[in-house]
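Visitor: Next up is a structure, given as structure tokens.
The values are calculated or read from the model by the stated rules, or taken from the named source; none is laboratory data. All values reported here derive from a predicted model rather than from experimental measurement. Glycine also receives a Cβ, built like all others from the backbone with ideal geometry; neighbour counts cover every protein chain displayed.
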Amino acid sequence: MISVQNVTHRYGSRTALAGVTFRVSKGEIFGLLGPNGGGKSTLFRILSTMMLPSEGRTVIDGLDVDRDAAEVRRRIGVVFQSQSLDKQLTVAENLRSQGSLHGMSGSRLAARMEQVMERLRIADRRNDLVDSLSGGLRRRTEIAKGLLHSPRVLLMDEASTGLDPRARHELWTFVEELRTREGVTILLTTHLLDEAGRCDRLALLHEGHIVTEGSPAEMRARIGGDVVVLESADTATLGGNIEARFGVRPKVVDGTVRVEIPNGHRFIADLFEAFPGTIDSVSLHKPTLEDLFIRETGAVCT
Amino acid sequence: MSFWLPVIALWKRELVRFWRQKSRILGVVASPLVFWLLIGSGFGDMGLFFPGSLVLTVMFSAIFSTITIIEDRREGFLLSMLVSPASRTSLVLGKVFGSATLAWIQGMIFLAFAPLAGVKAGAAGLLGAAASIFLIAFTLAGLGFLIAWKMNSTQGFHAVMNLALLPMWMVSGAIFPVAKAQVWVKWVMLANPLTYSLALLRGQLTPEAAAGSPPTQVSIGLTVLFGVVLLVASAKLANRKSTASAA
């Protein structure tokens, strides 16, 4: 449904995307995960037809985004991270003008507006100015706007930004329903790992490259065994000592030393024998997406 | 895909937004009114400066309405226009027609002061003036769009207003007539779209003071020509594909 082929983009001398390639199948929920500045927003702009990449090709529903931009725009619904509503218009007025931009009018538009407002539970606020709505209601109105013309592909940029946990949960229930009932393909960008975990497939975008790609389970499985996290007054020294003694490659991140290793419980016992008194705390867990994120980007996901 | 549906929707949006911010009307009509009262009283001839002040009202209004495209871009509304299948040309038309309509309404409010200026135009003259005001508003809205499209702040626009638009108005014949100007200023005046806007309004409202300014047919022709050229240029600009982000 979506095919990104060798897309490179530069802003002046800075390379934001370096040869990104991936595919999204029909009816899939695909997540672009990555730290801020990793290239997610750039890729989103290209997919939503807002700009052309420096190099490479993007195809959505069989149509080239460069050559058939107008046709692509009919097929995609876009939910922006920043708001795109007119605050001085009401909810219904915003939807109506969006409908007009998509060539909808009359009873067809009215019926579809009812439908999306019902689904996003904003029907009772239809005559309120957007300016007077809470953040959560605005987001729902944004999504209603993106879905109004029944797109086959929904692109969402950090859609759950500013939503409280309950609203976020509702959004996800809705997204999953949309995929199951209507077969809509959904591509979303996120920096939230719990959100990434709900996607069918993920690509981790870091410094303009896709560093790893697969289902959340596949990605977790890529880290063999266990993850051991240590705290110490001098993490750099501890990391170096562990590497020298055990031949593993610990990562020093955010004041901790992290080691990926099979049979973590035995390793912990060996560690305490080898370096008594230098370890303040220790924890062991099965690999999570966060571990993968830290391994691939060297950053802690916030 | 209907071409006119988005045009009408965006035109309506401009009117609704304007209606909800009534302070804008006062701001745009008040300053030319003050100009007119001061300059007119100073020269002791209220009628002479009335058409020029009317042009100024329409210019302020048309330009300030089109620069809302900068806010549309900053606040994100433009995003949804740009990723919709509506043709960019229809977006330009919607914005320009919307702004022109607002400028026309404000011009008409200013026109209501005509009796105070001692303007003795009959019904035909007033009707002609109403039509001329729309034409002028449309041309200036086109100019405003062309300037505003690439700007990302309204501050920059104020510089353009002070360095280009106000001088344009000053050499339109509003303050001194074309006939009395030095040769080089005369050429500038003849190349200035506002000269013809002013001549058009003088011809309708104060024909007795129109001597020496370009004839009405020429003014209509050139104002329409300027309007069309600016609109086509705006549409071309908005239709350009780019590797820089659209918003």
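Visitor: Quick check: is even one residue across segment A:32-52 over 19 Å from the mean Cα position of the chain (by Cα) and either assigned to a loop (DSSP other than H, G, I, E, B) or assigned by TED's automatic domain parsing to the domain that holds residue A:159 (or both)? Before the answer, list the steps.
Guide: So the first thing to find is which residues in segment A:32-52 are over 19 Å from the mean Cα position of the chain (by Cα), and the list is A:51-52.
Filter once more, so that each one left must be either assigned to a loop (DSSP other than H, G, I, E, B) or assigned by TED's automatic domain parsing to the domain that holds residue A:159 (or both): A:51-52.
Checking segment A:32-52: at least one residue is over 19 Å from the mean Cα position of the chain (by Cα) and either assigned to a loop (DSSP other than H, G, I, E, B) or assigned by TED's automatic domain parsing to the domain that holds residue A:159 (or both).
Visitor: Do you know which of the residues in segment B:56-97 that are hydroxyl-bearing (Ser, Thr, Tyr) and part of a helix (DSSP H, G or I) is surrounded by the fewest Cβ atoms within 10 Å (Cβ to Cβ)? Break it down into steps so the answer makes sense when it comes.
Guide: Residues of segment B:56-97 hydroxyl-bearing (Ser, Thr, Tyr): B:57, B:61, B:65-66, B:68, B:80, B:84, B:87, B:89-90.
Cutting the leftovers down to part of a helix (DSSP H, G or I) gives us B:57, B:61, B:65-66, B:68, B:80, B:89-90.
On the way: B:57: 28, B:61: 31, B:65: 29, B:66: 29, B:68: 22, B:80: 24, B:89: 18, B:90: 23.
Among those that are hydroxyl-bearing (Ser, Thr, Tyr) and part of a helix (DSSP H, G or I), it is B:89.
Visitor: Going through segment B:130-159 one residue at a time, which ones are within 12 Å of the chain's Cα centre (by Cα), closer than 25 Å to residue B:237 by Cα and not β-branched (Val, Ile, Thr)?
Guide: If the condition is that a residue be within 12 Å of the chain's Cα centre (by Cα), closer than 25 Å to residue B:237 by Cα and not β-branched (Val, Ile, Thr), then B:134, B:135, B:137, B:138, B:140, B:141, B:142, B:143, B:144, B:145 are the ones that fit.
Visitor: Tally the residues that are polar (S, T, N, Q), surrounded by 17 or more Cβ atoms within 10 Å (Cβ to Cβ) and outside any strand (DSSP E or B), restricting the search to segment A:151-205.
Guide: The number of residues fulfilling the criteria is 1.
Visitor: Taking residue A:253 as the residue in question, decide whether it is of a type in the set (Val, Ile, Thr) and in contact with a His (Cβ under 9 Å, 6 or more places away or on another chain). Please lay out each step first, then the result.
Guide: Values: of a type in the set (Val, Ile, Thr): yes; in contact with a His (Cβ under 9 Å, 6 or more places away or on another chain): no.
Taking the combined requirement at face value, the residue does not satisfy it.
Visitor: Just one of B:200, B:225, B:230 is in a helix (DSSP H, G or I), under 16 Å from the mean Cα position of the chain (by Cα) and closer than 13 Å to residue B:174 by Cα; which is it?
Guide: Working: B:225 fails: closer than 13 Å to residue B:174 by Cα; B:230 fails: closer than 13 Å to residue B:174 by Cα.
Only one candidate qualifies: B:200.
Visitor: Among (1) more than 18 Å from the chain's Cα centre (by Cα); (2) closer than 30 Å to residue B:240 by Cβ; (3) at pLDDT below 90; (4) not charged (D, E, K, R), there is one condition residue B:162 misses while meeting the rest; what is its number?
Guide: So the condition that residue B:162 fails would be (1).
Visitor: Restricting to segment B:1-49, what's the tally of residues that are within 14 Å of chain A (Cβ to nearest Cβ), of a type in the set (S, T, N, Q) and out of contact with any Ser or Thr (no Cβ under 9 Å at 6 or more places or on another chain)? Full working, then the answer.
Guide: If we filter segment B:1-49 for residues that are within 14 Å of chain A (Cβ to nearest Cβ), which is where we start, we get B:1-24.
In the following step, the residues that additionally are of a type in the set (S, T, N, Q) were identified as B:2, B:21, B:23.
So of that shortlist, the ones also out of contact with any Ser or Thr (no Cβ under 9 Å at 6 or more places or on another chain) come out as B:21, B:23.
The number of residues fulfilling the criteria is 2.
Visitor: Taking segment A:26-52 on its own, how many of its residues are of a type outside the set (A, V, I, L, M) and facing chain B (nearest Cβ under 10 Å)?
Guide: 5
Visitor: In addition: Quick test for you: out of B:94, B:76, pick the one residue that is in contact (Cβ under 8 Å) with a residue 40 or more places away in the chain, at positive phi and within 14 Å of chain A (Cβ to nearest Cβ).
Guide: Values: B:94 fails: at positive phi.
From the options B:94, B:76, the qualifying one is B:76.
Visitor: If you check residue B:210 against the conditions, is it out of contact with any strand residue (DSSP E or B) (no Cβ under 9 Å at 6 or more places or on another chain), crowded, with 16+ Cβ neighbours inside 10 Å and within 14 Å of chain A (Cβ to nearest Cβ)?
Guide: No.
Visitor: Would you mention how many residues in segment B:100-137 are more than 15 Å from residue B:56 (Cβ to Cβ) and not in a helix (DSSP H, G or I)?
Guide: Result for segment B:100-137: 6.
Visitor: Applying the selection to segment A:113-148, what residues are closer than 16 Å to residue A:164 by Cα, buried (at least 16 other Cβ atoms within 10 Å of the Cβ) and in contact with a Gly (Cβ under 8 Å, 6 or more places away or on another chain)?
Guide: A:136, A:139
Visitor: Continuing with the same structure: State all residues of segment A:90-114 that are on the phi > 0 side of the Ramachandran plot and more than 7 Å from every other protein chain (Cβ to nearest Cβ); if no residue qualifies, say none.
Guide: A:106, the sole residue that qualifies.
Visitor: Let me ask another. Examine segment B:27-48 for a residue that is closer than 16 Å to residue B:138 by Cα, crowded, with 24+ Cβ neighbours inside 10 Å and not acidic (Asp, Glu), and state whether such a residue exists. Walk me through how you get there before you give the answer.
Guide: Start the filter on segment B:27-48 by keeping residues that are closer than 16 Å to residue B:138 by Cα, which leaves none.
Looking through segment B:27-48, none of the residues is closer than 16 Å to residue B:138 by Cα, crowded, with 24+ Cβ neighbours inside 10 Å and not acidic (Asp, Glu).
Visitor: Same structure, new question: Which one is surrounded by the fewest Cβ atoms within 10 Å (Cβ to Cβ), of the residues in segment A:53-89 that are touching a Leu at 6+ places or on another chain (Cβ under 6 Å), facing chain B (nearest Cβ under 7 Å) and outside any strand (DSSP E or B)?
Guide: Filtering first and then ranking leaves A:80.
Visitor: Step by step: first the residues of segment A:265-280, then only those that are part of a loop (DSSP other than H, G, I, E, B) and either of a type in the set (D, E, K, R) or out of contact with any strand residue (DSSP E or B) (no Cβ under 7 Å at 6 or more places or on another chain) (or both), then the one that is surrounded by the fewest Cβ atoms within 10 Å (Cβ to Cβ). Which residue is that?
Guide: So in segment A:265-280, the residues part of a loop (DSSP other than H, G, I, E, B) come out as A:275-280.
Now drop any that are not either of a type in the set (D, E, K, R) or out of contact with any strand residue (DSSP E or B) (no Cβ under 7 Å at 6 or more places or on another chain) (or both), which leaves A:275-278, A:280.
On the way: A:275: 16, A:276: 8, A:277: 6, A:278: 15, A:280: 11.
Once the filter is applied, the top-ranked residue is A:277.
Visitor: Filter segment A:1-21 for residues that are in a strand (DSSP E or B) and over 19 Å from residue A:297 (Cα atoms) and give the result.
Guide: Once the filter is applied, which keeps residues that are in a strand (DSSP E or B) and over 19 Å from residue A:297 (Cα atoms), segment A:1-21 yields A:2, A:3, A:4, A:5, A:6, A:7, A:8, A:9, A:10, A:11.
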